[in-house]
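Step one of this worksheet: look at the structure below.
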Amino acid sequence: MKNRPLDLDAVAAFLQVAELGSFTRAAETMQTTQAAVSLKLKRLEDRLGCRLLERTPRYVELSPQGTAFVEHARALLEANHQALRAFAGARQRLSIGISDHVAGPELPALIARLNAHHPELLIVVRIGSSGDLLQSYDRRELDAAIVRLHTGRTDGEMLAEEAFGWFAAPHWQPHAGEPLPIATLAEPCGVRLMAGKLLDAAGISWAEVFVGGGVASVSAAVMAGLGIAALAPRMLPLGAVDVGAKLGLPALPHLPVLLHGRARDAQASSALEQLAAAYRSAIRT
């Protein structure tokens with residue numbers, strides 16, 4: 001039937017695959033199977049009469065028709081959400097705490113994507129240190145917290161392990177006879193504590209030359225040539241250089257990222273799964 005309406009569930013599945021670049025991660029987010037997502041996509045492509053996604057064993061990418069369909073798909077889902085909102089009550093609040101060492105440059109786009117997919121939720125995000133966020137989570141001030149592994153905690157869902165390095169500006173050079181200049185976050189940052197302990201154990205003299213209120217400010221200090229910092233590569237602008245091996249600095253471990261959550265219903269659970277899948281994707285790439 002030529003004018004048969006599109007299946008909105010299939011449209012939503014298409015957007016998830018397009019945004020996450022993976023049928024597996026889309027299935028995780030939608031709490032279904034990869035086979036079910038593939039079937040939805042096949043039916044949508046059959047209905048539209050074209051391929052929306054190019055699939056190979058190594059990657060998934062949009063076809064030209066898929067690229068053209070993305071904005072239409074978003075508009076369809078937004079119109080559906082607006083119709084539902086017109087007959088719904090106040091939006092449910094979902095409070096999420098994210099460690100500053102985890103948030104990253106991807107965060108604004110991730111939250112925008114969550115808002116687009118879950119307009120029935122009022123999503124509130126708080127950035128802070130892992131320790132402070134876990135305390136707020138334990139006091140039930142947050143519904144979820146995405147943090148680094150914290151000493152003494154054995155709970156939480158492992159999302160990924162992320163590499164860290166000692167980063168400096170491209171032309172930065174140490175000054176002979178002076179302590180190693182370190183840019184870092186203020187206490188109680190766990191990465192700051194770990195880096196200091198490793199330097200002390202290696203017998204390396206160091207001094208804090210910049211203490212920032214966020215990873216973005218620490219990254220800016222590094223790129224300005226003020227000193228070096230222990231950071232994940234995705235937190236730094238293109239061009240930052242890992243100088244750890246050159247300076248004989250102690251190797252930094254891969255640090256886990258964990259999700260602590262207590263979603264109250266299916267909508268909140270779906271939003272957290274989507275955010276978790278997005279961070280798995282961002283950290284592994």
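Read-outs: derived from the displayed coordinates by stated rules, not from any lab. Everything numeric here is computed off the predicted structure, so don't read it as measured data. Backbone-built Cβ (ideal geometry, glycine too); neighbour counts: all protein chains shown.
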Across 240, 202, 220, the residue with the highest GNM fluctuation in the chain (Cα network, 10 Å cutoff) is 202
Taking the dipole of the stretch 8-85 about the Cα centre (Lys, Arg +1; Asp, Glu -1; charges at Cβ), the one of 36, 21, 63 that reaches farthest to the positive side is 36
Could you work out which residue, out of 168, 68, 271, moves most in a Gaussian network model of the chain, that is, has the largest mean-square fluctuation with Cα springs under 10 Å?
-> 68
Output the direction-averaged projected area (hull surface divided by four) of the convex hull of the alpha-carbon atoms of the stretch 8-85, in nm².
-> 5.1
Could you work out how far helix 266-284 tilts from the main Cα principal axis of the chain, as a 0 to 90 degree angle to the nearest 10?
-> 50
Roughly what angle does helix 34-48 make with the longest principal axis of the chain, taking Cα atoms, 0 to 90 degrees, to the nearest 10?
-> 50
Note the direction-averaged projected area, equal to a quarter of the hull surface, for the Cα convex hull of the stretch 47-166, in nm².
-> 11.6
Cβ density ranking, 10 Å radius, fewest first, applied to 262, 74 yields 262, 74
Rounded to the nearest 5, what % of the DSSP beta bridges within the stretch 165-253 are antiparallel ones?
-> 40
Evaluate the charge dipole of the stretch 8-85 about its Cα centre and quote only its size in Debye, nearest 20, assuming +1 on the Cβ of each Lys and Arg and -1 on the Cβ of each Asp and Glu.
-> 160
Measuring from the longest principal axis of the C-alpha atoms of the chain, the long axis of helix 107-117 (C-alpha) lies at a number of degrees, nearest 10, equal to 20
What fraction, in whole percent, of alpha-carbon pairs in the chain exceed 28 Å separation?
-> 46
Could you please rank 30, 158, 194, placing first whichever residue has the fewest other Cβ atoms within 10 Å of its Cβ?
-> 158, 194, 30
Arranged by the count of other C-beta atoms within 10 angstrom, fewest first, what order do 178, 208 take?
-> 178, 208
Rounded to the nearest 500, the 222 nm mean residue ellipticity computed for the chain from DSSP H runs (n ≥ 4, each -39500 (n - 2.57)) alone is -13500 deg cm²/dmol
Using Cα pairs closer than 8 Å and at least 6 residues apart in sequence, work out the relative contact order for the chain, in percent.
-> 22
Picking from 27, 201, 103, which is most flexible by a Gaussian network model of the chain using Cα springs under 10 Å?
-> 201
Solvent-free Debye scattering, log10 I(q)/I(0), computed from the Cα coordinates of the stretch 165-253 at q = 0.12 Å⁻¹ | -0.29
Considering the options 81, 189, 98, tell which one lies farthest towards the positive end of the dipole of the chain, charges being +1 on Lys and Arg and -1 on Asp and Glu at the Cβ, about the Cα centre.
-> 81
